[in-house]
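Coordinate-derived values only; no laboratory data. Just so it is clear, the model here is predicted, and its values are computed rather than measured. So basically every Cβ, Gly included, is an ideal-geometry build from the backbone, and we count neighbours across all protein chains shown.
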Amino acid sequence: MSFIAETDLQFARGAFRSYYERPREQIEMPRKIESREFAYFVFEENIMVRHLSLRDANSLGSLFTDRVPRHAYYSSAFFHSPSAPMERKGWIGAELVFDIDADHLPVRCKAEHDFWLCKNCGEHGPKPTPKGCPKCEGRVEEIEWLCELCLREARNELLKLLDFLELSLGIGSKDITVNFSGHRGYHVHVDNDHLNSMDQHARKEIVDYVTGNGLDVSYHGLYLSQGSSSLIGPDYSEPSWRGRIARGVYDLLGQLSDPSYEAYFSENLTPKTYRRFLKRQEVLVKLWSSHPVWGAASAIKPDDWIKLAQLAVRRQAANIDTVVTTDVHRLIRMINTLHGKTGLLGLKIRYDQVESFDPFRDPVVFPDRPPVKVKVLYCPEFRVKEKSYGPYHNQVVEVPFSTAVFMVCKGVSTLSSGR
Amino acid sequence: MAESERCCELLLDEPNQVVERIADDTFGLKLKALRHVLGTRVYDFCLDFSDYIRLASRFSSPSWKLVNKNLCLGQVYLLKPEAVGIVKLHVEENILRVINDTGNVSPPQFLKQYLAGIKSIITVKKKEEERVATGFLLEALPPCIRSIYNRLVEGESLSHFARFTLTSFLLNVGLTRREVLSLFSRLPDFDEHLSQYQIEHIAGGRGGVKKYTSPSCRTLQTHGLCLRTQQCLSVRSPIKMYYRQVRLTEREQA
C-alpha cells in the first residue's frame, strides 16, 4: 500500500515520530531482548531492514525515534546470534505465536468492503482488480478495509483460541500476551520456557488441535454402540473436544430454522440431512435443552448426527493462520507499536479486557486536534472512536487529526492543499 | 526393536503405580497413574501434552494425533496400552542413544547380507526417481499441487504458503528457476524482482542456504491445502505421489 502523495507520507511519518517521541509512551519491551532479531520498514522505501540486534530499552527507544519505522517487528525466536545471517543465528527456542486475521475468516462482508482504487481518479470497484484503471488507465491498488463485523468475528476466534490454550493446553494467563495487530486481527504470544523449545512438528500438532484438523469424532465419544444401532455421544460438561462437540451441535440445532443460516446449512449439509433435521428442529432443541440426546428422532440417521457433529467441529475450531504458528523463525509485529497501514496501535490487551476491547476506539493514540482537511478518493463507511465517517467519494472533508492519520495511512485520502 | 517390545509386554502386566514409577525413575517420563472416567471410557494415565507430542509423533495412526486425544488442562489422558506404548518409545530412544554413544557398531555377520540386499533396493528406487526427475509431466501432478497450479494459471491470488509449496515442488521435480518464474508471472501481483529472489532462496541459491524440500502431506493437511483423494492412497508426500504417477504413465505408454 502506498501513499497518494509525498506530502501524505511526510504527514504520516511526522505523526508517528511525534508519537514515538512522547516520553511516557512505552513500547512493550520483549523478554530476552538480547536474543531477538529485530526488523522494520521505513516510510520511504518498501524494503525490510532486518537481522538487527538490540541490547536494552535505550537502544530500542532510539530505533523508534531515529528511524521512525512504518512497521516494526521482532522474532518470536530466541537466537545465540540474532544479527547473524539466518543459517548462523543459532536457534534456541521460540514463543508459540498465533495470528488471527480477518483475511482468513470466511466473512461475507469481505467481498463488500475490500476494493480496488484508482490512485489517480478515485474510480473503484470490487475484486478482481484490473491491471489499470478502466476509466483513466491510472495506477490501481487493492485496499483491504476494516469493518466492525470482520473484527468482531476475529475477536470471537480469539476467544475460542484462548479457551483452547487455557482449558485444553493448560497454559496459564501469566504466560499469554494478547495484542491487537493494529489492522485486521489479533496476535497471541505464549512465552513459556518449557514450550518455547517445541519444534515445528509439535507446533503443527497444536495447530491441528485448535483447528480441529484431522479430528475424528469417534475418538471423542461419538460412536454407534456395539451390537445395537444406538448412538452414544459426549455431554456438554465434558472437557476437551468432547464438550465442544456436544455444545457445538446444540448451537447448530438452535440455528437450523434461522433464515440467516439457511445458506450456511445448505452449503455444509446434504439437502436430505438438512431437511431431516429442519423438520424436527423444535422437538430436538427441547430434547437437548438439559443434556444431549444423541440419536433422538428415529428418522434422523446416525450418519446425519455425525455429519452435524463434524460441522460443529468446524464451528468450534479456532480459525488461526496456521503458517504463523508453525514457523519457528517468525518475525511478528512488536507489541504497542504503530501499524503503518492504519496508524492504529498494536495495543497489548489486558487478559480480562479482551471481550470489551474496541478496535476502533482503544488503539487510537493520536489527538483529535488540529482538524485536517483531506481529499478522499473513495472509502466505505468507518468509525473512529465514537464517530462514524463516510462513505466518501472524490470529496474534501475536514476530519479530526486521528481520523486523518487513519485515512492517509490507508491510502484512500490525500492532504487537501487548503489545510 | 525386540528389547522394547519385551519391555512393553512386561509393563502391561504390572500395576499402574509400578508403570508410573518405572517411567519416572528410569526415563524421567512424568506419566501419572490415575483413574479418570470420561463417557464410557476409563483412563489409566495422564501425561503432559508437550512430552506426549514429542514421543507420539513417531506413530502415524490418526488415533495418536493430539487432536484425537482427550486433553484437559495440559494433560493427555491415556489408556494403559497407550501409556505403555509411549514408554516403549522411550526405551527405543534410550537403546539407540546407548548404541550411538558406543561409537561405530558393526552389524553381526549374518545380518550383513540382508542389509546389503535392502541397500541395493533403496539404490535402485532412488535411481528410478532421479530418472523421472528429468522430465515434467503435468498430468502426473497430485491433486493438491494441481489445484494450486490451476489457480496460478488462472491468475488467482495465492497465499504465501501455497506459493512456497508450488515453487519447492516444481523445483524438486526438475523445473528450472526460469520456468518457475515464468509461471508466476501470471499472477496479478507479480513482482519479478521479489519472485526471482524467493525462487532462488527456495532453490538454495542464496547465501549457501540449502534447497528446500517440498512440504509433506501432513504439513499440507495442517495448512488446509491437502485434497486427499483415493488416488493418493497411503503416500506421505506429493513428490512421491508425482513420481508414482509418472512411472504409471510411462508404463501405460510403453
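Numbers for the structure displayed
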item: Around B:Arg186: net Lys/Arg minus Asp/Glu count, Cβ-Cβ under 14 Å; result: -3
item: Shielding by partners - mean other protein chain Cβ count within 10 Å, residues of A:202-211; result: 6
item: A:Met407, A:Met334, A:Met198, A:Met48 arranged by Cβ crowding within 10 Å, fewest neighbours leading; result: A:Met48, A:Met198, A:Met334, A:Met407
item: Computed lengthening from B:Ser61 to B:Thr40, 0.36 nm per intervening residue step minus Cα-Cα distance; result: 5.3 nm
item: Backbone HN-Hα couplings from phi across segment A:378-392 [Karplus 6.51/-1.76/1.60, Hz, Gly and Pro as x]; result: 6, 7, x, 5, 8, 10, 10, 6, 9, 10, 9, 10, x, x, 10
item: Sorted by Cβ density within 10 Å, fewest first, the residues A:Glu95, A:Glu153; result: A:Glu153, A:Glu95
item: Helix-derived mean residue ellipticity, 222 nm - over chain A, DSSP H n ≥ 4, -39500 (n - 2.57), to 500; result: -9000 deg cm²/dmol
item: Within-13-Å neighbourhood charge of A:Gly214 [Cβ basis; K, R +1; D, E -1]; result: +3
item: Distance between segment B:11-44 and segment A:302-344 - C-alpha centres, whole angstrom; result: 34 Å
item: Part-to-part distance (alpha-carbon centres) for segment A:70-146 and segment A:181-228, which is given in Å; result: 25 Å
item: Cross-link reach list, lysines versus A:Lys110, counting only Cα pairs under 20 Å and skipping chain neighbours closer than eight places; result: A:Lys127, A:Lys341, A:Lys410
item: Sorted by Cβ neighbour density within 10 Å, fewest at the top, the residues B:Phe27, A:Phe64, B:Phe45; result: B:Phe27, A:Phe64, B:Phe45
item: Modelled FRET efficiency - R0 60 Å, A:Ile232 with A:Ser417, Cβ distances, 0.05 increments; result: 0.25
item: Cα centroid of segment B:221-237 to Cα centroid of segment B:96-126, whole Å; result: 32 Å
item: Estimated 222 nm signal from helices in chain B, with DSSP H stretches of n ≥ 4 weighted -39500 (n - 2.57), rounded to 500; result: -18000 deg cm²/dmol
item: Reach of A:Lys174 by Cα under 20 Å, taken over aspartates and glutamates that are not fewer than 8 positions away in the same chain; result: A:Glu28, A:Glu95, A:Asp99, A:Asp163, A:Glu166, A:Asp191, A:Asp193, A:Asp352, A:Glu355, B:Asp48
item: Entries in B:Lys65/B:Lys88; A:Lys160/A:Lys286; A:Lys348/A:Lys385 that, when Cα-Cα distance is taken, lie over 20 Å; result: A:Lys160/A:Lys286
item: Residue-count net charge about A:Ala318 - beta-carbon cut-off 14 Å; Lys, Arg +1, Asp, Glu -1; result: -3
item: Using alpha-carbon coordinates, inclination of helix A:148-163 to the longest axis of chain A, degrees; result: 60 degrees
item: Using alpha-carbon coordinates, inclination of helix B:192-202 to the longest axis of chain B, degrees; result: 40 degrees
item: Cross-link reach list, lysines versus B:Lys126, counting only Cα pairs under 27 Å and skipping chain neighbours closer than eight places; result: B:Lys112, B:Lys210, B:Lys211, B:Lys240
item: Relative contact order %, segment A:1-121, counting alpha carbon pairs below 8 Å whose residues are six or more apart; result: 22 percent
item: Segment A:214-316: relative contact order as a whole-number percent, Cα under 8 Å and 6+ apart; result: 33 percent
item: Relative contact order of chain B, pairs being alpha-carbon contacts under 8 Å that are 6 or more residues apart, as %; result: 14 percent
item: Cα gyration tensor shape for the protein assembly as shown, rounded if a/c is under 1.5, else prolate or oblate; result: prolate
